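Just so it is clear, none of the values below were taken in a lab; they were calculated from the coordinates. Small disclaimer: the values here were computed from a predicted structure and weren't measured. FYI the Cβ positions are ideal-geometry reconstructions off the backbone, even for glycines, and counts take in every protein chain you see.
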Amino acid sequence: MTQPPDDFDPTPGAAKRLSDGLRRVLAPNPSPMTYRGTNTYLIGDRELAVIDPGPLSEPHLEAILAALEPGQSISHILVTHTHVDHSPLARPLAERTGAPVIAFGGPEAGRSAVMAELAAGGLAGGGEGIDRAFSPDRIVADGEVIEGDGWTLDVIHTPGHLGNHIALGWEGMCFTADHVMGWASSLVSPPDGDLTDFMASCRRLRDRDWDVFHPGHGAPIDNPAARLDWLIEHRLMREAGILQALEDGPATAAELAARIYTETPPALLPAAERNVFAHLVDLVEQNRVTPVGQLAATARFQRLF
């Protein structure tokens, strides 16, 4: 993780104008995993798109509705992924506004084959929690364009943090949700998160020119290319550290996390362990390490070369 900027401390529930036709409303759900809380975005001047309504919170629901100015209404509700800090409020907001809920799919949509196998073997998700009840009114695909009143959003499937994760491009900006954030590196927690997919999604976003990223948590990112380069390099360095640690012999993800994440608070070590396991699965896919026995979160891993 990186050091959070001290100057990002918006008031929950207050609509903050970020640019023409764009406002942010912070949800009241701060935590070690969500930083100040979930960012909900409102796009448009008349019929608005809401990106990531957030957690199930009556005060946040009322704050979103209170942000509507005279003559404005909500026409689209977009969910970037189905973690419990992003999607549960979508249905109550839809019931209050009549707007459809739009997403890539349900909780398991976009899950890679290796992660589906791990899940079938009993591995449960860790970290932020999945909104198992989520069901969109409209499913969108990678490359689809969502059109509204004076705005269009490009759908970019960015699996990695979660299989159904999407980013949304708008006028040189990108709403990156939890894939790219400025305050911390994204959690990748199998079987919901897949590091192989995460790295591919980073490189895909890097192939396009962006002016600014608006993340799901934290402040806008004014140098998207540099941030993506850092994320990719950070993961490659973590990979190198794991491979080096395995030179001493086979080890579990928990043993490696304790050895590598020496400055991580104890409360976050389970998330660190999940991140290490994500790397190990990716290294198995690369044929650089192998589990001693069946691939599982508790397995011991050894280097192949």
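With a Förster radius of 41 Å applied to the C-beta separation of A66 and R259, the computed FRET efficiency comes to 0.25.
Relative to the dominant Cα principal axis of the chain, helix 224-246 is inclined by about 20°. Once the Cβ-Cβ distance of N223 and D154 is raised to the sixth power relative to R0 = 25 Å, the FRET efficiency obtained is 0.75.
Of all the options V188, V145, V155, the one that moves most in a Gaussian network model of the chain with Cα springs shorter than 10 angstrom is V145.
Using 0.36 nm per residue and subtracting the Cα-Cα separation, the extra length available between S185 and Q244 on full extension is 19.1 nm.
Comparing T262, T252, T196 in a Gaussian network model of the chain, where Cα atoms under 10 Å apart are tied by springs, the biggest mean-square fluctuation is seen for T262. Over the chain, with a Gaussian network built from C-alpha contacts below 10 Å, which listed residue (A94, A240, A184) shows the highest mean-square fluctuation? Checking each option, the largest mean-square fluctuation is seen for A240. For the chain, averaging the sequence separation of C-alpha pairs within contact (under 8 Å, six or more residues apart) and dividing by the residue count gives a relative contact order of 13 percent.
Modelled spin-label separation between A116 and I232, with each label point placed 7 Å from Cα along the Cα-to-Cβ direction: 2.9 nm. Exposed loop sites, defined as GluC sites (Glu not before Pro) outside DSSP H, G, I, E and B with at most 10 other Cβ atoms within 10 Å, are absent from the longest region of the chain, namely 1-246.
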